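Each remark here refers to the structure printed beneath this line.
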Amino acid sequence: MTSALLPTYARAKVSFERGEGAWLVARDGSRYLDFGAGIAVNALGHSHPHLVAALTEQAQKVWHVSNLFEVPEAERLAQRLVDNTFADVVFFSNSGAEANEAAIKMARKYHAAGGQPERFRIVTFEGAFHGRTLATIAAGGQQKYIEGFGPKVEGFDQVPFGDLAALKAAITPETAALMIEPIQGEGGLRVVSPEWLRTLRALCDEHGLLLIMDEVQTGVGRTGKLFAHEWSGVTPDIMSAAKGIGGGFPMGACLATREASRGMVVGSHGTTFGGNPLAMAVGNAVLDVILAPGFLDTVRKTGLLLKQRLAELKDRHPNVIADVRGEGLMMGLRCVVPNTDFAAAVRDQHMIVIPAGDNVVRLLPPLTIGEAEVGAALDRLDAAAASFETALRGAAE
Ligand SMILES: *Cc1c(COP(=O)(O)O)cnc(C)c1O
């Protein structure tokens, strides 16, 4: 039977009826260990009681009023984000791409408001992913996403990952900002070093540029800090967040300093749905858990355990796994075998992992996992890797 859905995804032939913590239950009753978390979205796993309560309570009061009125839950969530980050102000959106659109518009408007409207270009990095809108595909610079969609949005200059000479050459009097993910997610879990982030900060300060960090995937506790850039001690001027921030409810945010947001005045930007009471109730509930004392310590501890166990896995299966990368509970396995084959073999073991660029599979479990889930994951990854070893031995004989 042909599907009525636009065929832009090659979907796995499995669907899920419910979820409990780090587990998804398929329609046939089989249980899958979810180390994908809906692509780093279900930060607190499935059916977290505190999130379910927040959503259902709000659902009985008011769902949506628009941004023409005050939304107390949005005020509260924005203030909590401000209290816990570099930022002074927050704009709520529904997705990561929209958060990045807000960030890009804000960076351009900053210079326009400062009397330099010619400064609109943004330097980005090879392997980046910033979303699927026309501006964010131009920012990401990946030909496979750009091709066929008409003229590429003007104003994005891409340089190789970590190439200082190329970066310096790309900065011109028209440059407005640098934009980077602290760890490339879709690009294959490439971690940006703290030194490189410090270099970017210094270049921004030297040239009067804004530093935009895309923390859509790395943010909200994923790496063991509330935001990944905290590991480097460098702060951005503008930052996007989404994915985990809503714990599964569609939501994004663009955070900024007051200075960086100086051009964004009444009427300059907007959204119908962004910051609505349902999303804000869930966003506040997510923060209740992530900001609770000890929560991020546990994420860091579990992340270290996972990293150590993955390193052992790699040593046991050098013909299948080449490298372990990442930070906290945002880990990647660079594969020797094709990553999509490995992800399929893992799924045969009833575990979910997510392919990324650079022949990597991503492990993005709920932040609530513990030792038991790490153990269960390693059993499944081991079995999946072993299935390749058997095949490889067969081929050699
Ligand atoms: C997923 C992602 C986006 C896009 O988010 P959407 O919610 O799909 O629009 C942008 N940047 C990064 C780093 C992402 O991982």
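The table that follows gives values for the structure above.
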quantity: Full-extension gain in nm, Asp28 to Val89, via 0.36 nm per residue minus C-alpha separation; calculated: 17.3 nm
quantity: Computed E for Ala386/Ala292 - FRET, C-beta separation, R0 30 angstrom, nearest 0.05; calculated: 0.20
quantity: Out-of-range pairs (alpha-carbon distance over 29 Å; input Lys144/Lys314; Lys105/Lys307; Lys61/Lys109; Lys13/Lys144; Lys168/Lys243; Lys109/Lys152); calculated: Lys144/Lys314; Lys105/Lys307; Lys61/Lys109; Lys168/Lys243
quantity: Cross-link partners of Lys225 among aspartates and glutamates (Cα-Cα below 12 Å; sequence separation of 8 or more within a chain); calculated: Glu215, Asp297, Glu327
quantity: Computed magnitude of the charge dipole of the chain (debye, nearest 20; Cβ of K, R +1, Cβ of D, E -1); calculated: 280
quantity: Cα radius of gyration and Dmax for segment 134-237 (Å); calculated: 14.1, 40
quantity: Residues Tyr9, Tyr32, Tyr110, sorted so that the one with the fewest Cβ neighbours within 10 Å comes first; calculated: Tyr9, Tyr32, Tyr110
quantity: Nearest-ten-degree value, helix 49-59 long axis tilted from longest Cα axis of the chain; calculated: 50
quantity: Principal-axis tilt of helix 72-83 within the chain, Cα atoms, nearest 10 degrees; calculated: 80
quantity: Size of segment 268-397 as Cα extents on the principal axes (Å, biggest first); calculated: 65, 35, 24
quantity: Beta bridge orientation in the chain: antiparallel %, DSSP, nearest 5; calculated: 65
quantity: Relative contact order, percent, segment 50-290 [alpha-carbon distance under 8 Å, six or more residues apart]; calculated: 31
quantity: Relative contact order for segment 275-392, counting Cα pairs under 8 Å that sit 6 or more residues apart, in percent; calculated: 24
quantity: At R0 = 22 Å, FRET efficiency that the Cβ-Cβ distance of Ala112 and Asn284 yields, to 0.05; calculated: 0.05
quantity: Computed P(r) (all Cα pairs; the chain; 20 Å bins; percent); calculated: 27, 57, 15, 0
quantity: Segment 237-294-segment 1-77 distance, computed between alpha-carbon centres (Å); calculated: 17
quantity: Degrees between helix 371-396 axis and first principal axis of the chain (Cα, 0 to 90, nearest 10); calculated: 60
quantity: Footprinting exposure proxy for Ser15, Ser240, Ser232 (fewest neighbouring C-beta atoms within 10 Å first); calculated: Ser15, Ser232, Ser240
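Just so you know, all these numbers are worked out from the coordinates, no wet-lab data involved. Predicted model only: the values in this text are computed from it and were never measured. Methodologically, a virtual Cβ is constructed for each residue, glycine included, from the backbone with ideal geometry; neighbour enumeration extends over all protein chains shown.
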